[in-house]
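Okay, so here's the structure we're looking at.
The values are calculated or read from the model by the stated rules, or taken from the named source; none is laboratory data. It should be emphasised that the depicted structure is a prediction, and the values quoted were computed from it without experimental measurement. No Cβ is skipped: glycine too gets one built from the backbone with ideal geometry, and neighbour counts run over all protein chains shown. For the accessible areas, the whole protein counts, side chains as well, though only heavy atoms, and no ligand, DNA or RNA atoms are used. Shrake-Rupley method; radii C 1.70, N 1.55, O 1.52, S 1.80 Å.
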Amino acid sequence: MRIETLDVLRCPYCGGRLSLVDSIFHRRTDNQIHDGILGCHCCIFPLVDGIPVLHVLPAATVARDHLQAGRPELARRAMFGLDNDSDAEAFDAVASSNTATYRDTVEALGPNFEGGYFLYRFSDPTYIVAQAVARAVGATVLGGKRRAIDICGGSGHVTRTLLDLSEMPPVLADLYFAKVWLARRFTAPGCEPVCCDGNAPMPFARGTFSFAMCTDAFMYIWTKRQFVGEMERLVEARAPGAEPGAVLIGHTHNERTWTPSHGQPLSPEGYRDLFETFEPRIFGEGNLFTDVVAGGPLDLSRRDSQDTLDKSPALAIVASRHPGVFAKHPLTPPDTAAGELRINPLYTQEADGDRVRLTLVFPNEEYADEYGACRQYLPEALTLDRSAVAALSSGRVSGEFVELLRRKVIVDLPKRYY
Ligand SMILES: [Zn+2]
(Lines give C-alpha, C1' and ligand atoms only; values in the text may rest on other atoms or scores of the structure.)
Protein backbone atom coordinates (compact mmCIF):
# COMPACT_ATOMS: atom_id res chain seq x y z
CA MET A 1 0.00 0.00 0.00
CA ARG A 2 1.22 3.49 -0.80
CA ILE A 3 2.07 5.41 2.39
CA GLU A 4 -0.03 8.39 1.24
CA THR A 5 -3.14 6.19 1.14
CA LEU A 6 -3.08 6.44 4.97
CA ASP A 7 -4.24 10.05 4.51
CA VAL A 8 -7.61 8.90 3.14
CA LEU A 9 -8.19 5.72 5.19
CA ARG A 10 -10.43 5.93 8.25
CA CYS A 11 -11.53 3.25 10.69
CA PRO A 12 -15.00 1.99 9.62
CA TYR A 13 -16.11 1.86 13.28
CA CYS A 14 -14.65 4.95 15.07
CA GLY A 15 -13.88 7.08 12.00
CA GLY A 16 -10.38 7.75 13.32
CA ARG A 17 -7.27 8.04 11.19
CA LEU A 18 -5.14 4.93 10.84
CA SER A 19 -1.41 4.77 11.34
CA LEU A 20 1.25 2.08 11.20
CA VAL A 21 2.05 0.73 14.66
CA ASP A 22 5.85 1.03 14.61
CA SER A 23 6.42 -0.96 17.78
CA ILE A 24 5.00 -4.18 16.25
CA PHE A 25 6.44 -6.29 13.40
CA HIS A 26 6.21 -4.50 10.04
CA ARG A 27 7.93 -4.29 6.66
CA ARG A 28 7.97 -1.01 4.77
CA THR A 29 9.98 1.14 2.37
CA ASP A 30 9.98 4.95 2.00
CA ASN A 31 6.75 4.93 0.04
CA GLN A 32 5.08 1.52 0.60
CA ILE A 33 3.91 -0.56 3.54
CA HIS A 34 4.16 -4.30 2.84
CA ASP A 35 3.01 -5.81 6.14
CA GLY A 36 2.13 -4.47 9.55
CA ILE A 37 -0.58 -3.43 11.94
CA LEU A 38 -2.69 -0.29 11.49
CA GLY A 39 -4.18 1.31 14.60
CA CYS A 40 -6.98 3.83 15.22
CA HIS A 41 -8.79 5.02 18.40
CA CYS A 42 -10.69 1.76 18.81
CA CYS A 43 -8.91 -1.23 17.27
CA ILE A 44 -6.02 -2.56 15.27
CA PHE A 45 -6.18 -4.03 11.77
CA PRO A 46 -3.74 -6.20 9.81
CA LEU A 47 -2.13 -4.96 6.61
CA VAL A 48 -1.21 -8.11 4.72
CA ASP A 49 0.96 -8.27 1.58
CA GLY A 50 0.33 -4.57 0.95
CA ILE A 51 -3.45 -4.75 1.48
CA PRO A 52 -5.15 -3.17 4.50
CA VAL A 53 -7.81 -5.48 5.97
CA LEU A 54 -10.30 -3.10 7.57
CA HIS A 55 -12.87 -5.51 8.96
CA VAL A 56 -12.97 -7.78 11.99
CA LEU A 57 -14.14 -11.08 10.49
CA PRO A 58 -12.40 -14.23 11.79
CA ALA A 59 -9.68 -14.45 9.09
CA ALA A 60 -8.64 -10.88 9.84
CA THR A 61 -8.20 -11.72 13.51
CA VAL A 62 -6.07 -14.77 12.67
CA ALA A 63 -3.97 -12.72 10.24
CA ARG A 64 -3.49 -9.98 12.82
CA ASP A 65 -2.22 -12.52 15.39
CA HIS A 66 0.24 -13.95 12.85
CA LEU A 67 1.57 -10.48 12.01
CA GLN A 68 1.98 -9.59 15.67
CA ALA A 69 4.06 -12.76 15.98
CA GLY A 70 6.16 -11.79 12.94
CA ARG A 71 4.71 -14.43 10.57
CA PRO A 72 3.56 -12.50 7.44
CA GLU A 73 3.46 -15.65 5.23
CA LEU A 74 0.96 -17.28 7.59
CA ALA A 75 -1.05 -14.05 7.76
CA ARG A 76 -1.39 -14.15 3.99
CA ARG A 77 -2.41 -17.81 4.02
CA ALA A 78 -5.11 -16.96 6.56
CA MET A 79 -6.48 -14.17 4.36
CA PHE A 80 -6.54 -16.49 1.35
CA GLY A 81 -8.40 -19.08 3.42
CA LEU A 82 -5.70 -21.71 2.76
CA ASP A 83 -5.89 -23.86 5.84
CA ASN A 84 -4.09 -27.04 4.81
CA ASP A 85 -0.36 -27.05 4.18
CA SER A 86 -0.32 -28.71 0.77
CA ASP A 87 -2.88 -26.27 -0.70
CA ALA A 88 -1.01 -23.38 0.86
CA GLU A 89 2.33 -24.52 -0.55
CA ALA A 90 0.83 -25.04 -4.00
CA PHE A 91 -0.63 -21.56 -3.89
CA ASP A 92 2.60 -19.96 -2.64
CA ALA A 93 4.44 -21.55 -5.59
CA VAL A 94 2.00 -20.02 -8.09
CA ALA A 95 1.99 -16.68 -6.30
CA SER A 96 5.77 -16.40 -6.44
CA SER A 97 5.99 -17.40 -10.13
CA ASN A 98 6.56 -14.70 -12.76
CA THR A 99 4.89 -16.76 -15.46
CA ALA A 100 1.77 -18.04 -13.68
CA THR A 101 -1.43 -16.67 -15.22
CA TYR A 102 -4.59 -15.34 -13.65
CA ARG A 103 -6.21 -18.66 -14.52
CA ASP A 104 -3.37 -20.66 -12.87
CA THR A 105 -3.73 -18.56 -9.74
CA VAL A 106 -7.51 -18.89 -9.62
CA GLU A 107 -7.16 -22.68 -10.05
CA ALA A 108 -4.64 -22.83 -7.21
CA LEU A 109 -7.24 -21.20 -4.96
CA GLY A 110 -9.51 -24.19 -5.45
CA PRO A 111 -12.75 -24.97 -7.26
CA ASN A 112 -14.95 -22.94 -4.92
CA PHE A 113 -13.12 -19.68 -5.40
CA GLU A 114 -14.24 -18.04 -8.60
CA GLY A 115 -16.40 -20.63 -10.28
CA GLY A 116 -18.04 -19.23 -13.28
CA TYR A 117 -16.99 -17.45 -16.29
CA PHE A 118 -14.09 -15.09 -15.55
CA LEU A 119 -12.49 -16.19 -18.82
CA TYR A 120 -15.34 -14.59 -20.77
CA ARG A 121 -15.98 -11.68 -18.43
CA PHE A 122 -14.53 -8.97 -20.70
CA SER A 123 -17.04 -9.67 -23.45
CA ASP A 124 -20.18 -10.48 -21.51
CA PRO A 125 -23.21 -8.23 -22.04
CA THR A 126 -23.27 -7.01 -18.43
CA TYR A 127 -19.61 -6.09 -18.58
CA ILE A 128 -19.73 -4.10 -21.81
CA VAL A 129 -22.51 -1.89 -20.39
CA ALA A 130 -20.71 -1.50 -17.04
CA GLN A 131 -17.53 -0.56 -18.84
CA ALA A 132 -19.22 2.00 -21.09
CA VAL A 133 -21.16 3.70 -18.28
CA ALA A 134 -18.21 3.70 -15.85
CA ARG A 135 -15.92 5.23 -18.46
CA ALA A 136 -18.46 7.85 -19.58
CA VAL A 137 -19.26 9.04 -16.05
CA GLY A 138 -15.71 8.55 -14.76
CA ALA A 139 -14.04 10.49 -17.57
CA THR A 140 -16.49 13.35 -16.99
CA VAL A 141 -16.03 13.78 -13.24
CA LEU A 142 -12.41 12.63 -12.75
CA GLY A 143 -10.92 15.19 -15.12
CA GLY A 144 -7.75 13.11 -15.42
CA LYS A 145 -6.61 13.93 -11.90
CA ARG A 146 -9.22 13.01 -9.30
CA ARG A 147 -9.74 9.69 -7.56
CA ALA A 148 -12.25 6.89 -8.18
CA ILE A 149 -13.36 3.96 -6.03
CA ASP A 150 -14.85 0.68 -7.24
CA ILE A 151 -16.76 -0.76 -4.28
CA CYS A 152 -17.43 -4.52 -4.18
CA GLY A 153 -15.31 -4.57 -7.32
CA GLY A 154 -14.25 -8.20 -6.83
CA SER A 155 -11.20 -9.10 -8.87
CA GLY A 156 -11.07 -5.72 -10.58
CA HIS A 157 -12.50 -6.32 -14.03
CA VAL A 158 -14.34 -2.99 -14.06
CA THR A 159 -11.63 -1.27 -11.98
CA ARG A 160 -9.35 -2.03 -14.93
CA THR A 161 -11.38 0.28 -17.11
CA LEU A 162 -10.83 3.20 -14.68
CA LEU A 163 -7.02 2.98 -14.72
CA ASP A 164 -6.38 5.39 -17.61
CA LEU A 165 -9.01 7.95 -16.56
CA SER A 166 -6.91 9.65 -13.88
CA GLU A 167 -3.34 9.99 -12.74
CA MET A 168 -4.62 9.04 -9.25
CA PRO A 169 -4.82 5.24 -8.87
CA PRO A 170 -8.38 3.97 -8.39
CA VAL A 171 -9.18 2.27 -5.09
CA LEU A 172 -10.68 -1.21 -5.33
CA ALA A 173 -12.65 -2.20 -2.23
CA ASP A 174 -13.99 -5.70 -1.63
CA LEU A 175 -14.60 -8.10 1.22
CA TYR A 176 -12.56 -10.89 -0.41
CA PHE A 177 -8.83 -10.51 0.05
CA ALA A 178 -7.98 -13.02 -2.68
CA LYS A 179 -9.99 -11.07 -5.24
CA VAL A 180 -8.39 -7.68 -4.63
CA TRP A 181 -4.97 -9.36 -4.49
CA LEU A 182 -5.64 -10.89 -7.94
CA ALA A 183 -6.81 -7.52 -9.22
CA ARG A 184 -3.63 -5.73 -8.18
CA ARG A 185 -1.53 -8.50 -9.72
CA PHE A 186 -3.37 -9.13 -12.99
CA THR A 187 -6.64 -7.41 -13.82
CA ALA A 188 -6.07 -3.86 -12.55
CA PRO A 189 -2.34 -3.43 -11.92
CA GLY A 190 -1.69 -0.09 -10.26
CA CYS A 191 -5.01 0.03 -8.40
CA GLU A 192 -4.96 0.45 -4.62
CA PRO A 193 -6.75 -2.57 -3.09
CA VAL A 194 -8.55 -2.32 0.25
CA CYS A 195 -10.28 -5.23 1.96
CA CYS A 196 -13.46 -4.07 3.74
CA ASP A 197 -17.09 -4.98 4.38
CA GLY A 198 -19.74 -3.41 2.13
CA ASN A 199 -22.30 -3.82 4.92
CA ALA A 200 -20.24 -1.58 7.26
CA PRO A 201 -19.38 2.13 6.93
CA MET A 202 -16.72 2.69 4.24
CA PRO A 203 -13.19 3.08 5.61
CA PHE A 204 -12.41 6.39 3.88
CA ALA A 205 -12.51 10.10 4.68
CA ARG A 206 -15.38 12.28 3.47
CA GLY A 207 -14.84 13.69 -0.01
CA THR A 208 -11.87 11.46 -0.83
CA PHE A 209 -13.27 10.54 -4.23
CA SER A 210 -14.93 12.20 -7.21
CA PHE A 211 -16.41 8.97 -8.51
CA ALA A 212 -17.81 6.14 -6.38
CA MET A 213 -19.16 3.13 -8.24
CA CYS A 214 -20.45 -0.38 -7.62
CA THR A 215 -21.54 -2.76 -10.37
CA ASP A 216 -23.21 -6.17 -10.28
CA ALA A 217 -23.14 -6.35 -6.48
CA PHE A 218 -25.54 -3.86 -4.91
CA MET A 219 -28.50 -6.29 -4.82
CA TYR A 220 -26.47 -8.47 -2.45
CA ILE A 221 -25.86 -5.63 0.03
CA TRP A 222 -28.20 -5.79 2.99
CA THR A 223 -27.49 -2.32 4.42
CA LYS A 224 -28.46 -0.52 1.22
CA ARG A 225 -29.39 2.79 2.83
CA GLN A 226 -26.08 3.01 4.65
CA PHE A 227 -24.19 1.97 1.51
CA VAL A 228 -25.71 4.76 -0.61
CA GLY A 229 -25.27 7.29 2.20
CA GLU A 230 -21.62 6.30 2.32
CA MET A 231 -21.22 6.67 -1.46
CA GLU A 232 -22.71 10.16 -1.18
CA ARG A 233 -20.32 10.99 1.66
CA LEU A 234 -17.28 9.72 -0.25
CA VAL A 235 -17.91 12.01 -3.24
CA GLU A 236 -19.10 15.06 -1.31
CA ALA A 237 -17.42 18.21 -2.62
CA ARG A 238 -14.67 19.20 -0.20
CA ALA A 239 -14.81 22.93 -0.94
CA PRO A 240 -17.50 25.30 -2.21
CA GLY A 241 -17.29 25.56 -5.98
CA ALA A 242 -15.33 22.31 -6.32
CA GLU A 243 -16.27 20.25 -9.36
CA PRO A 244 -19.14 17.88 -8.46
CA GLY A 245 -18.55 14.14 -8.29
CA ALA A 246 -20.79 11.21 -9.22
CA VAL A 247 -22.19 7.98 -7.82
CA LEU A 248 -22.88 5.01 -10.09
CA ILE A 249 -24.66 1.80 -9.16
CA GLY A 250 -24.50 -0.37 -12.25
CA HIS A 251 -26.31 -3.63 -12.99
CA THR A 252 -28.52 -3.94 -9.95
CA HIS A 253 -31.51 -6.26 -10.24
CA ASN A 254 -35.11 -5.10 -10.25
CA GLU A 255 -37.57 -6.45 -7.69
CA ARG A 256 -40.31 -6.39 -10.35
CA THR A 257 -38.62 -8.96 -12.61
CA TRP A 258 -36.91 -12.28 -12.12
CA THR A 259 -33.20 -12.81 -12.88
CA PRO A 260 -30.63 -15.51 -12.11
CA SER A 261 -28.69 -14.85 -8.86
CA HIS A 262 -31.39 -12.39 -7.93
CA GLY A 263 -30.14 -11.16 -4.51
CA GLN A 264 -32.41 -8.82 -2.50
CA PRO A 265 -33.27 -6.19 -5.10
CA LEU A 266 -35.54 -3.14 -4.73
CA SER A 267 -38.03 -1.59 -7.13
CA PRO A 268 -36.90 1.49 -9.13
CA GLU A 269 -38.63 3.78 -6.58
CA GLY A 270 -37.03 1.85 -3.75
CA TYR A 271 -33.61 2.54 -5.20
CA ARG A 272 -34.46 6.21 -5.78
CA ASP A 273 -35.50 6.66 -2.15
CA LEU A 274 -32.10 5.51 -0.90
CA PHE A 275 -30.55 8.79 -2.03
CA GLU A 276 -30.68 11.78 0.33
CA THR A 277 -28.26 14.38 -0.97
CA PHE A 278 -28.24 13.63 -4.72
CA GLU A 279 -31.15 13.25 -7.14
CA PRO A 280 -30.47 9.95 -8.93
CA ARG A 281 -31.44 9.09 -12.48
CA ILE A 282 -32.37 5.47 -13.15
CA PHE A 283 -31.87 3.71 -16.47
CA GLY A 284 -33.06 0.37 -17.73
CA GLU A 285 -29.94 -1.47 -18.81
CA GLY A 286 -31.52 -2.59 -22.11
CA ASN A 287 -31.37 0.82 -23.81
CA LEU A 288 -27.80 1.36 -22.66
CA PHE A 289 -26.90 -2.08 -24.06
CA THR A 290 -28.45 -1.10 -27.41
CA ASP A 291 -26.34 2.08 -27.44
CA VAL A 292 -23.16 0.11 -26.79
CA VAL A 293 -23.92 -2.57 -29.40
CA ALA A 294 -24.53 0.22 -31.95
CA GLY A 295 -21.08 1.67 -31.21
CA GLY A 296 -22.40 4.71 -29.33
CA PRO A 297 -23.12 7.32 -28.37
CA LEU A 298 -24.10 6.22 -24.88
CA ASP A 299 -27.13 8.37 -24.17
CA LEU A 300 -27.27 9.33 -20.49
CA SER A 301 -29.53 12.27 -21.34
CA ARG A 302 -32.44 9.85 -21.91
CA ARG A 303 -35.24 9.51 -19.39
CA ASP A 304 -36.64 6.01 -19.35
CA SER A 305 -40.39 5.72 -18.73
CA GLN A 306 -41.74 4.06 -15.61
CA ASP A 307 -42.92 1.18 -17.78
CA THR A 308 -39.41 0.68 -19.22
CA LEU A 309 -37.94 0.69 -15.73
CA ASP A 310 -40.56 -1.70 -14.35
CA LYS A 311 -39.80 -4.22 -17.10
CA SER A 312 -35.99 -3.95 -16.94
CA PRO A 313 -34.34 -6.94 -15.24
CA ALA A 314 -31.29 -4.80 -14.46
CA LEU A 315 -31.01 -1.09 -13.71
CA ALA A 316 -28.18 1.44 -13.73
CA ILE A 317 -28.39 4.36 -11.29
CA VAL A 318 -26.38 7.54 -11.77
CA ALA A 319 -26.41 10.45 -9.33
CA SER A 320 -24.46 13.63 -9.98
CA ARG A 321 -24.71 17.41 -10.12
CA HIS A 322 -22.02 17.57 -12.78
CA PRO A 323 -23.54 19.13 -15.92
CA GLY A 324 -21.54 16.87 -18.22
CA VAL A 325 -22.84 13.56 -16.88
CA PHE A 326 -26.41 13.41 -18.22
CA ALA A 327 -25.38 13.83 -21.85
CA LYS A 328 -24.56 11.76 -24.93
CA HIS A 329 -21.11 10.21 -24.59
CA PRO A 330 -19.18 8.97 -27.64
CA LEU A 331 -17.66 5.50 -27.22
CA THR A 332 -14.18 6.13 -28.54
CA PRO A 333 -12.16 2.99 -29.32
CA PRO A 334 -8.59 2.90 -27.99
CA ASP A 335 -5.71 2.98 -30.49
CA THR A 336 -3.45 0.68 -28.49
CA ALA A 337 -4.19 -2.28 -26.27
CA ALA A 338 -4.06 -1.78 -22.51
CA GLY A 339 -3.03 -5.43 -22.16
CA GLU A 340 -2.88 -8.14 -24.83
CA LEU A 341 -5.12 -8.40 -27.88
CA ARG A 342 -6.40 -11.95 -28.21
CA ILE A 343 -9.13 -13.81 -30.02
CA ASN A 344 -12.15 -14.03 -27.71
CA PRO A 345 -11.92 -17.43 -25.93
CA LEU A 346 -15.60 -18.02 -26.80
CA TYR A 347 -14.34 -18.83 -30.33
CA THR A 348 -12.77 -22.07 -31.43
CA GLN A 349 -9.99 -21.57 -33.98
CA GLU A 350 -9.42 -23.87 -36.93
CA ALA A 351 -6.55 -23.41 -39.38
CA ASP A 352 -7.52 -23.37 -43.07
CA GLY A 353 -4.46 -22.61 -45.24
CA ASP A 354 -3.62 -18.92 -44.86
CA ARG A 355 -6.81 -18.37 -42.93
CA VAL A 356 -8.23 -19.15 -39.52
CA ARG A 357 -11.88 -20.08 -39.11
CA LEU A 358 -13.50 -18.88 -35.87
CA THR A 359 -16.70 -20.43 -34.53
CA LEU A 360 -18.66 -19.17 -31.53
CA VAL A 361 -19.09 -21.93 -28.94
CA PHE A 362 -20.59 -21.31 -25.50
CA PRO A 363 -19.06 -23.24 -22.60
CA ASN A 364 -22.46 -24.66 -21.58
CA GLU A 365 -26.22 -24.08 -21.65
CA GLU A 366 -26.28 -21.97 -18.50
CA TYR A 367 -23.85 -19.56 -20.08
CA ALA A 368 -26.01 -19.37 -23.19
CA ASP A 369 -29.08 -18.67 -21.04
CA GLU A 370 -27.50 -15.95 -18.95
CA TYR A 371 -25.21 -14.26 -21.47
CA GLY A 372 -26.73 -15.21 -24.84
CA ALA A 373 -27.34 -11.53 -25.64
CA CYS A 374 -23.68 -11.43 -26.68
CA ARG A 375 -24.91 -12.92 -29.98
CA GLN A 376 -25.98 -9.37 -30.84
CA TYR A 377 -22.32 -8.43 -31.32
CA LEU A 378 -20.42 -11.73 -31.57
CA PRO A 379 -20.89 -13.28 -35.05
CA GLU A 380 -21.56 -17.04 -35.14
CA ALA A 381 -18.58 -17.63 -37.42
CA LEU A 382 -15.98 -15.66 -39.32
CA THR A 383 -12.65 -16.13 -41.06
CA LEU A 384 -9.49 -14.10 -40.50
CA ASP A 385 -6.16 -14.07 -42.33
CA ARG A 386 -3.49 -15.90 -40.39
CA SER A 387 -1.26 -12.84 -40.79
CA ALA A 388 -3.93 -10.68 -39.15
CA VAL A 389 -4.11 -13.05 -36.19
CA ALA A 390 -0.31 -12.92 -35.88
CA ALA A 391 -0.43 -9.09 -35.93
CA LEU A 392 -2.53 -9.05 -32.76
CA SER A 393 0.68 -9.28 -30.76
CA SER A 394 1.68 -5.76 -31.88
CA GLY A 395 -1.10 -4.40 -29.64
CA ARG A 396 -2.01 -1.76 -32.25
CA VAL A 397 -5.71 -1.25 -32.82
CA SER A 398 -6.05 -0.21 -36.46
CA GLY A 399 -7.64 -1.34 -39.71
CA GLU A 400 -10.02 -4.28 -39.32
CA PHE A 401 -9.10 -4.64 -35.63
CA VAL A 402 -11.10 -1.52 -34.71
CA GLU A 403 -14.39 -3.17 -35.61
CA LEU A 404 -13.37 -6.64 -34.36
CA LEU A 405 -12.42 -5.14 -31.00
CA ARG A 406 -15.64 -3.17 -30.83
CA ARG A 407 -17.61 -6.36 -31.44
CA LYS A 408 -15.44 -8.26 -28.92
CA VAL A 409 -14.30 -10.87 -31.45
CA ILE A 410 -10.92 -9.56 -30.32
CA VAL A 411 -10.60 -8.75 -26.63
CA ASP A 412 -8.07 -6.58 -24.85
CA LEU A 413 -7.18 -8.85 -21.95
CA PRO A 414 -4.86 -8.29 -18.98
CA LYS A 415 -1.34 -9.61 -19.53
CA ARG A 416 -0.99 -13.25 -18.44
CA TYR A 417 -4.76 -13.68 -18.10
CA TYR A 418 -4.91 -17.29 -19.30
ZN1 LIG B 1 -11.46 2.61 15.16
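The Cα atoms of the range 1-80 give a gyration tensor whose axes a ≥ b ≥ c have a/c of 1.5 or more with a/b no greater than b/c, which makes the shape oblate.
What do you reckon, how do Glu4, Glu230, Glu365 stack up by accessible area (1.4 Å probe), largest on top? Write out the running numbers ahead of the final one.
On the way: Glu4 100, Glu230 25, Glu365 140 Å².
From most accessible down to least: Glu365, Glu4, Glu230.
D for the range 68-193, whole µm²/s, Stokes-Einstein with Kirkwood Rh over alpha-carbon pairs at 4 °C and 1.567 mPa s: what number? It diffuses with D of about 83 µm²/s by this estimate.
How big is the dipole moment of the chain about its Cα centre under a simple scheme where the beta carbon of each Lys and Arg is +1, that of each Asp and Glu is -1, and everything else is neutral? Debye, nearest 20, please.
So the dipole magnitude of the chain works out to roughly 1000 debye.
Need the C-alpha centroid separation for the range 31-99 versus the range 316-345, integer Å. Taking the Cα centre of the range 316-345 as reference, the centre of the range 31-99 is 35 Å away.
If the chain linking Asp104 and Thr308 were pulled fully straight, counting 0.36 nm for each residue of separation and taking away their Cα-Cα distance, it would gain 69.2 nm. At 0.692 mPa s and 37 °C, plugging the Kirkwood radius over alpha-carbon pairs of the range 120-329 into Stokes-Einstein gives what diffusion coefficient in µm²/s? The estimated diffusion coefficient comes to 195 µm²/s.
Pulled fully out, how much extra length does the chain show between Arg2 and Arg355, if you take 0.36 nm times their separation in residues and subtract their Cα-Cα distance?
122.3 nm
Shown for the chain are the DSSP H helices of 20 Å or more along their axis, judged by Cα atoms, with a mean Kyte-Doolittle hydropathy of at least 0.0: 125-142.
Filter Lys145/Lys179; Lys179/Lys415; Lys224/Lys311; Lys145/Lys328 down to the pairs with a C-alpha to C-alpha distance above 28 Å, please. Present the calculation step by step, with values, prior to reporting the outcome.
On the way: Lys145/Lys179 26 Å; Lys179/Lys415 17 Å; Lys224/Lys311 22 Å; Lys145/Lys328 22 Å.
Among Lys145/Lys179; Lys179/Lys415; Lys224/Lys311; Lys145/Lys328, the Cα-Cα distance tops 28 Å for no pair.
Think of the chain as having a plus end and a minus end, set by charges on the Cβ of Lys, Arg, Asp and Glu; of Val361, Ala69, Tyr418, Ala69 sits farthest toward the positive end of this dipole.
Once the C-beta distance of Ala69 and Ala390 is scaled by a Förster radius of 56 Å, the resulting FRET efficiency is 0.60 to the nearest 0.05.
Checking every one of the trypsin sites (Lys or Arg not before Pro) in the range 98-201 against DSSP loop status and a limit of 12 other Cβ atoms within 10 Å picks out Lys145. May I ask you to give the average projected area over all directions of the convex hull of the Cα atoms of the range 125-237, in nm² rounded to one decimal? If I average the Cα hull's projected area over directions, I get 6.3 nm². Each label point was placed 7 Å from the Cα along the Cα-to-Cβ direction; for Ala205 and Asp92 their separation is 3.8 nm. Direction-averaged projected area, Cα convex hull, the chain: 20.8 nm², rounded to one decimal.
The distance linking the range 148-200 with the range 360-404 is 27 Å (Cα centroid to Cα centroid, whole angstrom).
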